[in-house]
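Quick note: the coordinates plus some simple rules give every number you see, no bench work behind them. This one's a predicted model, so the numbers in the text were calculated from it and none came from an experiment. Glycine also receives a Cβ, built like all others from the backbone with ideal geometry; neighbour counts cover every protein chain displayed.
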Ligand code: CP3
């Protein structure tokens, strides 16, 4: 598997490629199945449907990795918090006031269908295609649990000052639950893991250390103790100058880069031979044409000779024309007519 080679620190050329949110609304075949399933959550929790949508982008584009089709908010739901995806509004949860409302011992029963999906996907994938299991980073998941929805997370940010013990208690539960959840994905057949810390960037440095770096380090240490050699990709979005510290202290094997981070600056800030993933702006994938060609060729040039996994800096958006993804694949794999 090319992806695992790169996660071991070996440069591979052309680099392996997959896209965040590669199974999603930009694909007509996803929209068709989503309509059949009704709700997004029904799609996530039905192993037959979830397996099918995980495989759709692999069949269409031959990506080097599949990512389990699920959501970072399945874990709080399994812990007992309500979760709904209102049409066009994103996730909605009843904001958490008391950790006694959470029941970690019941979670594995609730996320059982997800493990069945992992098993089915692994069995159906070509051998060369890696299956990435994932969870949200604990700080990001806590943001949704405490605020109940996206949009700046004002309650979480206030609580971080007014009641840091409460935030820490929520994070402690999430750290333990995430370890068990990710270990279950490994046991079911995931080849490597990713932690989506999409809202790492809302915290000032001291909180970033306490809420992002510390909990992530505990998760990585525990998983590696149980499964030596397991590879974990971190995605500390918008972490700015704290990227180097995150990389060194958490022990993740690779860093998912957001769109605003200059790759040469990230290389300079992180330990030697750090594996990077991502960085391409999803908006240029939507734009297509010469702008897409230029951006892809530039990123390929920047990562030549390094262990790099080609990807976006954030999820693909529903408005991306599927043919632009085809173009991207041609550019990366060298079969395009562009010089
Ligand atoms: O293809 C894949 O990447 C795998 C599946 C996956 C989804 N969400 C499916 C999804 C993964 C890895 C995620 C991660 C996720 N979910 C993150 C972290 C990454 C990031 O984007 O920052 C976050 C913050 C969430 C929470 C979430 N889920 C939000 C804010 C939303 C609404 C926004 C949106 O894009 O609609 C979702 C819904 C969601 N998760 C969809 C998909 C395919 C769209 C649902 C639909 O079909 O209507």
Report task. Measure off 7 Å from each Cα along the Cα-to-Cβ vector at residue 119 and residue 267, then give the distance between these two points in nanometres to one decimal. Result -> 4.5
Report summary line: Each label sits 7 Å from Cα toward the beta-carbon; between residue 12 and residue 225 the label points are separated, in nm, by 3.1
Query - Computed over the range 15-277: relative contact order in percent, which uses C-alpha pairs under 8 Å that are six or more apart - result: 15
Query raised in the report: Can you give the calculated 222 nm mean residue ellipticity of the chain, where each DSSP H run of n ≥ 4 adds -39,500 (n - 2.57) and the sum is split over every residue, rounded to the nearest 500 deg cm²/dmol?
Result: -14000 deg cm²/dmol
Query raised in the report: Which whole-percent values make up P(r) of the range 15-277 when all C-alpha to C-alpha distances are grouped in 5 Å steps starting at zero?
Result: 1, 6, 13, 17, 20, 18, 14, 8, 3, 0, 0
**Report entry** C-alpha center-to-center spacing [the range 270-339, the range 198-226] in angstrom
**Finding:** 28
Query - Convex hull projection area averaged over all views, the range 167-262, Cα basis, nm² - result: 6.0
Requested in this report: Please say if the range 28-75 is rounded, prolate or oblate, where rounded means a/c under 1.5 for a ≥ b ≥ c the square roots of the C-alpha gyration tensor eigenvalues, and otherwise the choice is prolate for a/b larger than b/c and oblate otherwise?
Outcome: oblate
Query raised in the report: Based on the Cβ-Cβ distance from residue 306 to residue 241, what FRET efficiency comes out when R0 is 22 Å, to the nearest 0.05?
Result: 0.55
